[in-house]
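First the structure, in the form of structure tokens, and then the observations on it.
The values are calculated or read from the model by the stated rules, or taken from the named source; none is laboratory data. From a predicted model like this one, the values you see are computed outputs, not experimental measurements. We place every Cβ from the backbone using ideal geometry, glycine too, and count neighbours over all the protein chains shown. Side chains included, ligands, DNA and RNA excluded: accessible areas come from the protein's heavy atoms. Shrake-Rupley method; radii C 1.70, N 1.55, O 1.52, S 1.80 Å.
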Amino acid sequence: MFSYIIKRLIWTIPTLFGVTLMVFSMVHLSPGDPAVAILGDKANAQSVKELRAQMGLDKPLYTQYYIYMSNIAKGDFGRSATSYEPVLEEFMDRFPATLELASLAMIFATIIGVLAGIISAIKRYSIFDYTSMFVALAGVSMPVFWLGLVLIYFFSVKLGILPVSGRLGYEFDIEHITGFYLIDSLLVKDYEAFWDTLKHLVLPAVALGTIPMAIIARMTRSSMIEVMKEEYIKTARAKGCSRFQVVVIHALRNALMPVVTIIGLMFGSLFAGSILTETTFSWPGIGKWLVNAVYQRDFPVIQSATLIIATVFIAINLIVDLLYAVINPKIRLS
Amino acid sequence: MREFIRQYKKNKSAVFGVCIVIILLIMAIFAPFIASHLPADQNLPNRLIPPMWEEGGVSAHLLGTDDFGRDLFSRIIHGARISLMVGAVSVGLSLTFGLVMGLTAAFYGGKVDLFIMRIVDIMLAIPAILLAIVIVSILGPSLINAMIAIGIVGIPIYARVVRASVLTEREKEYVIASRINGSSNMRLIFKVILPNAASPIIVQSTMGFASAVLESAGLSFLGLGAQPPTPEWGSMLSDSLQFIMTAPWMIFYPGLAIFFTVLGFNLMGDGLMDVLDPKLKDK
């Protein structure tokens, strides 16, 4: 197993290298001179030349890449071209919002998805099975941003029970300790703010979690059906285990293996999915930040946001693969 | 072929998928005859009219009008043309490059294979919508650039599918026999191996069509794809955001159009997978 882990870790290096190379070349691939883009078309040649030198654009490409990489290694991701704030700081301000949303979406997706999958598998071809599998299929084909709009319409506009957008009502002002409003409001014992945060989270989390929920439900169902056919389930039944014991203790533990993998992998893609959800709900996270940067052609932010989201995605995939190796005896013992 | 249709017809949801796709095709081909208005025709006095069956609705505007008084029904019908075009162009792009990369990797093996699959891994390491946004931000927002971006994003998936299915075929006896008979590499690849390795590629293309429509709607919703006044479903939804309180019909129908299109192609792909490649289904 040790050699598997080492091999898997080493394979990450060229991938990360490729991602940095791609992000680095973005500025050079986009049409027009970045210095002119910042200074505007009417800038005189002298100031363009000075800015080019200041940005290091007059150096050969490989030197520029070297400088770019060594800055990143020092944690210097440059400054936003619009706000002039350090990109890393701006990122850290917004990251907890996205992480909080993605975590809640994943909790929703896992609980509902696994439950629906199990019930569908043990009550195969029942009305529940057909309904939940139809919902699962519909969930995969659903545009997330549209689902968000429909949820806003029913729960905020029609019923008026949940807020339309944002993270917290204007009347609340809680101290930013961790950046996760649910935790912060509990830390300062402001239960009203906690309740308000939770209400703001419900709709975006459901919208973001629907696709993973659908995938988890289908995966759990097929995995459970597969496992229920195994000999050891027959043995468990034959030795007189109750139905509950057979399903939960014998079948579920084995059936959940592929499900756990898919949950991990999907957590990574939730960060990407949050780009659309955050725009729909005006959620102040990294997705919305990235989209705004694209509107303003703020390349330092686009580059860093892409690099960081991709790195998080790669890291989560790596962790899932390694955990899988630890859980799965086939790999662990090889 | 008859056997194929008989098998396919057994799967009811797959037949439903095909029906949706046929309706879409009819909508796209006969758009000017079905639509009651031109998609970009503005009529400000008639702005924000609700659908026909709601209070204040008029029979001239079946699904109501938007904030510029444009007929929503006509825009959705014309939107089918754009969605099908986006799907076809981007799947075509991904498939062409994916085929070349996958075939080269599988056929030549060794270092060539390793190099190509590394590129594929790197591209897959970045979430699809993020990569598409990055490409659009380089090229600039427009429908054509969105199609290019979605096409590029799809390449690695096709490359993998093509490579895997060619690799399984390559070692089969009929290929070896053909090689011994003196077939050239080109003949081996295109005449002998590819027709037999086509099933997973066809399935992937159908499903890829669905995700291309979804991604293009997403990009347009963000304002990075089709630009107004193009009747693209995603950008229609993005216009509707500010009218959620006053004109909810602007939200429902373009979204339903996207949903049914994606569902149709997904169901069709599922059905094709059942018939063409039952092994894939079990995985």
(request) Identify all residues within region A:245-303 that are closer than 22 Å to A:Leu29 by Cα, surrounded by 18 or more Cβ atoms within 10 Å (Cβ to Cβ) and polar (S, T, N, Q); write none if there are none. (result) A:Gln303
(message) Among the residues that make up region B:226-245, is at least one of them within 13 Å of chain A (Cβ to nearest Cβ) and farther than 28 Å from B:Gly140 by Cβ?
(response) yes
(request) Residue by residue through region B:71-91, note down the ones that are within 16 Å of the chain's Cα centre (by Cα) and either farther than 20 Å from B:Glu232 by Cα or hydrophobic (A, V, I, L, M, F, W, C) (or both). (result) B:Ala80, B:Ile82, B:Leu84, B:Met85, B:Val86, B:Ala88, B:Val89, B:Val91
(request) Determine which single condition B:Tyr108 fails, assuming it passes every other condition in (1) surrounded by fewer than 20 Cβ atoms within 10 Å (Cβ to Cβ); (2) modelled with pLDDT of 90 or more. (result) (2)
(request) Determine if region A:190-209 includes at least one residue that is within 20 Å of A:Lys288 (Cβ to Cβ), among the small types (Gly, Ala, Ser), surrounded by fewer than 18 Cβ atoms within 10 Å (Cβ to Cβ) and within 25 Å of the chain's Cα centre (by Cα). (result) no
(request) Identify the single condition in (1) farther than 27 Å from A:Ile38 by Cα; (2) buried (at least 21 other Cβ atoms within 10 Å of the Cβ) that A:Thr306 does not satisfy, given that it satisfies every other one. (result) (1)
(request) Give the number of residues within region A:91-145 that are surrounded by fewer than 17 Cβ atoms within 10 Å (Cβ to Cβ) and outside any helix (DSSP H, G or I). (result) 4
(request) Give the residue that is most open to solvent (accessible area, probe 1.4 Å), with candidates limited to residues of region B:114-123 that are more than 9 Å from chain A (Cβ to nearest Cβ) and without any contact (Cβ under 8 Å) to a residue 40 or more places away in the chain. (result) B:Phe115
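Within region B:91-104, can one find any residue that is small (Gly, Ala, Ser) and open to solvent by 20 Å² or more (accessible area, probe 1.4 Å)?
There is at least one residue in region B:91-104 that is small (Gly, Ala, Ser) and open to solvent by 20 Å² or more (accessible area, probe 1.4 Å).
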(message) For region A:144-171, which positions are closer than 25 Å to A:Phe95 by Cβ, more than 14 Å from chain B (Cβ to nearest Cβ) and in contact with a Phe, Trp or Tyr (Cβ under 9 Å, 6 or more places away or on another chain)?
(response) A:Gly166, A:Arg167, A:Leu168
(request) Only residues in region A:24-47 that are closer than 16 Å to A:Tyr65 by Cβ count as the first member; pair them with residues that are among the aromatic types (Phe, Trp, Tyr), Cβ under 8 angstrom, at least 6 apart or cross-chain, and list the lot. (result) A:Phe24/A:Tyr65; A:Phe24/A:Tyr68; A:Met26/A:Phe299; A:Val27/A:Phe299; A:Pro34/A:Phe299
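Residues are listed down the side, and each one gets a yes or a no for (1) of a type in the set (A, V, I, L, M); (2) more than 12 Å from chain B (Cβ to nearest Cβ); (3) under 24 Å from B:Val134 (Cβ atoms):
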{"residue": "A:Leu21", "(1), (2), (3)": "yes, no, yes"}
{"residue": "A:Leu29", "(1), (2), (3)": "yes, no, yes"}
{"residue": "A:Asp41", "(1), (2), (3)": "no, yes, no"}
{"residue": "A:Lys49", "(1), (2), (3)": "no, yes, no"}
{"residue": "A:Arg52", "(1), (2), (3)": "no, yes, yes"}
{"residue": "A:Asp58", "(1), (2), (3)": "no, yes, no"}
{"residue": "A:Tyr62", "(1), (2), (3)": "no, yes, yes"}
(request) State all residues of region B:162-220 that are polar (S, T, N, Q) and under 28 Å from the mean Cα position of the chain (by Cα); if no residue qualifies, say none. (result) B:Ser165, B:Thr168, B:Asn196, B:Ser199, B:Gln204, B:Ser205, B:Thr206, B:Ser211, B:Ser216, B:Ser220
(request) State yes or no: is A:Leu182 open to solvent by less than 30 Å² (accessible area, probe 1.4 Å) and more than 14 Å from every other protein chain (Cβ to nearest Cβ)? (result) yes
(request) With the condition kept exactly as written, say whether any residue in region A:38-45 is at pLDDT 85 or above and over 24 Å from A:Val260 (Cα atoms). (result) no
(message) Just to be sure I understand the filter: pairs with C-beta atoms under 7 Å, separated by 6 or more residues or on different chains, first member in region B:2-18 and among the charged types (D, E, K, R), second member part of a helix (DSSP H, G or I). Which pairs pass?
(response) B:Lys9/B:Val15
(message) Checking the condition farther than 30 Å from B:Ile5 by Cα, among the hydrophobic types (A, V, I, L, M, F, W, C) and at pLDDT below 90, which residue from B:Leu237, B:Leu241 passes?
(response) B:Leu241
(message) Quick check on my filter: what residues within region B:37-66 are modelled with pLDDT of 85 or more, under 29 Å from the mean Cα position of the chain (by Cα) and open to solvent by 30 Å² or more (accessible area, probe 1.4 Å)?
(response) B:Leu38
(request) Please state which one of B:Leu276, B:Leu263 is out of contact with any Cys (no Cβ under 6 Å at 6 or more places or on another chain), under 30 Å from B:Glu3 (Cα atoms) and more than 11 Å from chain A (Cβ to nearest Cβ). (result) B:Leu276
